[in-house]
Amino acid sequence: MDIITTNYIDGDFRPSRGESDAPLYNPATEQQIGSVRLSSSNDVDAAVASAKAAFPTFSRTSTQERADMLRRLAEAVTAHAEPLAAAMREEYGAPSPFVTFSAQRAGTVFLDMVQTVVRYPWRETIGSAEVEMLPVGVSAAITPWNSNIGFICSKLATAVAAGSPIVIKPSEMSAIQTQALLEALHQADLPRGVLNIINGDGQTCGAALASHPDIAKISFTGSTATGRAILRSSADTMKRVTLELGGKGAQIVLDDADLDAAAEQALASGFMNSGQACIAGTRILIPSRLKKAFEDKLVAALLRFPVGPTSDPEARIGPMVSARQWDRVQSYIALGMEEGARLFAGGQGRPEHLDRGWFVRPTLFSDVDNSMRIAREEIFGPVLCILSYDNEADAIRIANDTSYGLQNYVLAGDGERARQVARQLDSGRVVINGAPHEPLAPFGGFRQSGIGREYGAFGLTAFLEPRAILT
């Protein structure tokens, strides 16, 4: 068993001052595989004090020095790709392709930020003023369990690029992955106090960071409900806040789309990361006259999305992260049937070939009205809703009829027509025909999907403050 009792503060692994432990599980077996000591507010204070002491020197480093640090981080994390993948397999259980992508991608986020640092307009003249971008101060990040390694690396990369020492509180459910990553990050030999990581829960450590008077900036990825709480708590000290929250993405299938290809892509976007993704396209919009044909295509394509443990190289859908999450998804499947949606694939319970693990049957509902809760609330599991529309304007209306606005999708034969539809969708990103991720483009949401943007120059600016000197 992995017994984790330390935090990372001021460049060293230090014993946690907390008094309680949280169990860690393998979601594919439901077996406990370790425990993590939950930190106290005293641990948070020590981490913030370390970052605060580092700020005067670190904030004055040159962009070249910070770019060099980012390169060292990239090298260290890339060299540890296999231990990171092994930790993900054991503690999170994602399908093998997602694990491989995540472990390899973790190191490259630092190199992406190197590109941003060297191109960023740190100083410019505006009229008679000299404007300089300065680090906002000590920053904090709170990250979720559904892509633990990636979120830690992306937020750390941005903070280092900005010259802002950071305190990170990852999900306590991902402590084995965090520990594996820390062993890699430690090898980068950052200046003391620049990186601090606290193992703890949201009620104690997350709340302490959100209200701490010495934290100037907080970056949070997680649920909309928790984001609201962080925003309220941060207001008292006027923290700068970036919130990347939930989503209920729409996938608009236009009538000129290749239905076979669209069905495959719709399931890939809807079931990404086993459905535990804020950017998943969980509402599939199809022209009314094509609904039955498309449902048949989806059922056929579903055979290419088998459910299984990460040890199965064919599996494309893994387990839910916890028993609680499994119960949540099951409750939504039951709710969909109660609301009158038509279940045409999947349903409650585990897949028949799996007798243990928090696995969910990939589930498809049709005849869904956009007012139903399964169409409006984030389920965070492999459950998709099929909604029909009359014309293009109707599809856009349905897609925009949501409290969220993180990432939408358009599937079409005519690329220009797809772009015209995309320009009318109220979301931070729109993906056309399965286009790949662009790491330098801004990422974030409209409405209750969040505040601010991450990645590239937009993400870096969120960790900076402009100072104008008038002469």
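The values are calculated or read from the model by the stated rules, or taken from the named source; none is laboratory data. Since we're looking at a predicted model, the values are computed, not measured. As a convention, Cβ positions derive from the backbone with ideal geometry for all residues, glycine included, and neighbour counts pool all protein chains shown.
The residue list A277, A268, A301, A263 contains one member that is outside the structural domain of F98 (by TED's automatic domain parsing), under 20 Å from T224 (Cα atoms) and surrounded by 15 or more Cβ atoms within 10 Å (Cβ to Cβ), which is A277. The C-beta contact set for region 64-76 (first residue farther than 16 Å from W122 by Cβ and assigned by TED's automatic domain parsing to the domain that holds A162, second residue of a type in the set (D, E, K, R) and surrounded by fewer than 17 Cβ atoms within 10 Å (Cβ to Cβ), distance under 8 angstrom, 6+ apart or interchain) comprises R72/D189. Selection of region 212-266 for residues being assigned to a loop (DSSP other than H, G, I, E, B), within 23 Å of L285 (Cα to Cα) and small (G, A, S) yields G246, G247, G249, A257.
Within region 452-471, being within 19 Å of the chain's Cα centre (by Cα) and either hydrophobic (A, V, I, L, M, F, W, C) or in a loop (DSSP other than H, G, I, E, B) (or both) holds for G452, R453, Y455, A457, F458, L460, A462, F463.
Would you please name the residue that is surrounded by the fewest Cβ atoms within 10 Å (Cβ to Cβ), looking only at residues in region 357-384 that are of a type in the set (G, A, S) and under 26 Å from A399 (Cα atoms)?
S371
Report whether or not S139 is assigned by TED's automatic domain parsing to the domain that holds V241, within 19 Å of the chain's Cα centre (by Cα), of a type in the set (G, A, S) and within 21 Å of Y455 (Cβ to Cβ). Spelling it out, S139 is indeed assigned by TED's automatic domain parsing to the domain that holds V241, within 19 Å of the chain's Cα centre (by Cα), of a type in the set (G, A, S) and within 21 Å of Y455 (Cβ to Cβ).
For region 312-356, give me each residue that is part of a loop (DSSP other than H, G, I, E, B), in contact with a Ser or Thr (Cβ under 8 Å, 6 or more places away or on another chain), surrounded by fewer than 19 Cβ atoms within 10 Å (Cβ to Cβ) and not basic (K, R). If the condition is that a residue be part of a loop (DSSP other than H, G, I, E, B), in contact with a Ser or Thr (Cβ under 8 Å, 6 or more places away or on another chain), surrounded by fewer than 19 Cβ atoms within 10 Å (Cβ to Cβ) and not basic (K, R), then D312, P313, G347 are the ones that fit.
Sub-8 Å Cβ pairs linking a first residue in region 434-459 that is over 19 Å from R228 (Cα atoms) and not assigned by TED's automatic domain parsing to the domain that holds A161 to a second residue that is surrounded by fewer than 21 Cβ atoms within 10 Å (Cβ to Cβ) and β-branched (V, I, T), at least 6 apart or interchain, are P439/T108, ordered by first then second residue.
Of the listed requirements (1) polar (S, T, N, Q); (2) crowded, with 16+ Cβ neighbours inside 10 Å; (3) in a loop (DSSP other than H, G, I, E, B), T29 misses just one: (2). Tell me, yes or no, whether region 120-129 has at least one residue that is closer than 21 Å to R72 by Cα and assigned to a helix (DSSP H, G or I). No; the residues of region 120-129 include none that is closer than 21 Å to R72 by Cα and assigned to a helix (DSSP H, G or I). Among the residues of region 109-135, those identified as out of contact with any helix residue (DSSP H, G or I) (no Cβ under 7 Å at 6 or more places or on another chain) and either among the charged types (D, E, K, R) or loosely packed, with under 15 Cβ neighbours inside 10 Å (or both) are D112, R119, P121, R123, E124, T125, I126, G127, S128, A129, E130, E132.
Within region 357-389, which residues are in a loop (DSSP other than H, G, I, E, B) and within 21 Å of N273 (Cβ to Cβ)? Quick ask: steps written out before the conclusion?
Filtering region 357-389 for residues in a loop (DSSP other than H, G, I, E, B) gives 357-362, 367-372, 377-382.
Of everything in region 357-389, those that are in a loop (DSSP other than H, G, I, E, B) and within 21 Å of N273 (Cβ to Cβ) turn out to be G357, W358, F359, V360, R361, P362, E377, E378, I379, F380, G381, P382.
Taken together, E91, E130 contain a single residue that is over 22 Å from the mean Cα position of the chain (by Cα) and not assigned by TED's automatic domain parsing to the domain that holds G357, which is E130. Determine, yes or no, whether R429 is modelled with pLDDT of 95 or more and either of a type in the set (F, W, Y) or at positive phi (or both). So R429 does not fit the description; no.
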